[in-house]
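The values are calculated or read from the model by the stated rules, or taken from the named source; none is laboratory data. If you're wondering where the values come from, they're calculated on a predicted model, not measured in any experiment. All Cβ positions, even for glycine, are placed from backbone atoms using ideal geometry, and neighbour counts span all protein chains on display.
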Amino acid sequence: MSTTHETPEATAEGEKPCIAVVFGGRSSEHSISLITARSVLRAINRDRWDVVSVGISPDGAWFLCSQEELEALLDEQPMAQLPVGPHRVSLPLQAGDSRLLIHDTSEHGAPLSRGRHIDAVLPLLHGPFGEDGTLQGMLELADLPYVGCGVAASAIGMDKHFMKLAFEAAGLEVGPYTVVHDRTWRTDPQGVRDRVAELGFPVFVKPARAGSSFGITRVDEPSQLDAAIAMAREHDLKLVVEAGIDGREIECAVLGGHGTDEARASLPGEIEVHGHALYDFEAKYVESDGATLSCPARLPEGVIETLRRDAVRAFHAVDGEGLSRCDFFVTQDQRVVINEINTMPGFTPISMYPRMWAASGIDYSTLIDELITLALERPVGLR
């Protein structure tokens, strides 16, 4: 699989394209974003790209944050939150002008200056206000190319309800589920309990618009349901309750194609979780031995090809661009059931997305190059 392409022209002769790596953000997945950013900043090819690193604080302030500052912060506190730095950053939001606006808030700082022209943005934010189409919409307004899915695909991929509707419309098999809206739970909780009971136990109660397994609870009997709903509602007032599926958990990574080329699917991988009831935050991001990945998954060749084909179908079902990770169940009778798509999957070296591509022949640094190249190749605006 070839991944070598010419670097798009820089903004001035002799300059490398300048990539703004953006991380942090306002969601509960803020700390995960910092872990991802540290990994990317360590691996990105500085011979090919100039890099500007921009942090977003938990309350939404944008500021310059160097790799050294981020490393020191995470060395001191692995699940840190970004403190606001003195060099505040904003985008001009004007077509044709992508120079960062920098406001030095230190005691003797200049009130306003122009930073480098930004050729593309690599957003490494997870969850709401970063992965859900809001940041993508702002970058579209600023006329800035960016890595990953566009506004609509990001919004659909963040909402487990709407992604399932998109999958069903594309003819993919989806497991039984029900949606619990805030008003429905507050006005008719017994009706919700009855609908969930119709799914059969166990069920999984999930926030509709959260990631990294935050707020997810396995419910084995009716008496546990209300507590699980209360926990999920701490993250999102809209919930999805899914019937438990007796099957193997298989993932497949998708990488966009160049020009009119078809999107590419990695070899599928199977997750075996160690010491955790489910594939939760610690197993995903903190513990290097929290989960074992078998890639390719030990499955019949025909099932592997179905998984790869359906991963690309799911990518197109949400109008995906750049990258995604698709999560499936494979049942004992070899049915392939899609569970969800993640349009900004975990991207640390121990995360499944880069590990599946490594097993498929694309190493971590090359994968970053590919994603940035795809972003620079595609037009901004309607496409």
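Quick rundown of the values:
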| quantity | calculated |
| --- | --- |
| Test: V254 is farther than 30 Å from R298 by Cβ and either part of a strand (DSSP E or B) or not charged (D, E, K, R) (or both) | no |
| Criterion (surrounded by 21 or more Cβ atoms within 10 Å (Cβ to Cβ), not charged (D, E, K, R) and not assigned by TED's automatic domain parsing to the domain that holds A311) met by exactly one of L199, L239 | L239 |
| Filter result (within 13 Å of the chain's Cα centre (by Cα), of a type outside the set (G, A, S) and part of a loop (DSSP other than H, G, I, E, B)) within region 147-177 | V147, C149, D159 |
| From the options V179, V205, V192, V219, residue that is among the β-branched types (V, I, T), within 15 Å of E340 (Cβ to Cβ) and without any contact (Cβ under 8 Å) to a residue 60 or more places away in the chain | V205 |
| Residue list for region 192-217, filter: assigned to a loop (DSSP other than H, G, I, E, B) and of a type outside the set (A, V, I, L, M) | G200, F201, P202, R209, G211, S212, S213, F214, G215 |
| Counted residues, region 178-195 - those being among the hydrophobic types (A, V, I, L, M, F, W, C) and under 20 Å from M163 (Cβ atoms) | 2 |
| Those strands (runs of 3 or more DSSP E) lying entirely in region 37-100 with at least 3 residues assigned by TED's automatic domain parsing to the domain that holds P128, within 24 Å of I372 (Cβ to Cβ) and of a type in the set (A, V, I, L, M, F, W, C) | 50-56, 62-64 |
| Residue within region 314-325 that is acidic (D, E) and surrounded by 21 or more Cβ atoms within 10 Å (Cβ to Cβ) present | yes |
| Qualifying residue in region 115-129 (condition: at positive phi, touching a Leu at 6+ places or on another chain (Cβ under 9 Å) and touching a residue at least 60 places away in the same chain (Cβ under 8 Å)) | yes |
| Qualifying residue in region 103-120 (condition: surrounded by 19 or more Cβ atoms within 10 Å (Cβ to Cβ) and under 26 Å from A317 (Cβ atoms)) | yes |
| Complete set of residues in region 329-354 that are at pLDDT below 95, more than 30 Å from P176 (Cβ to Cβ), crowded, with 17+ Cβ neighbours inside 10 Å and not aliphatic (A, V, I, L, M) | F347, T348 |
| Condition check for T331: more than 26 Å from A210 (Cβ to Cβ) and within 20 Å of the chain's Cα centre (by Cα) | no |
| Unmet criterion (only one of (1) closer than 30 Å to E140 by Cβ; (2) among the β-branched types (V, I, T); (3) surrounded by fewer than 16 Cβ atoms within 10 Å (Cβ to Cβ)) for T187 | (1) |
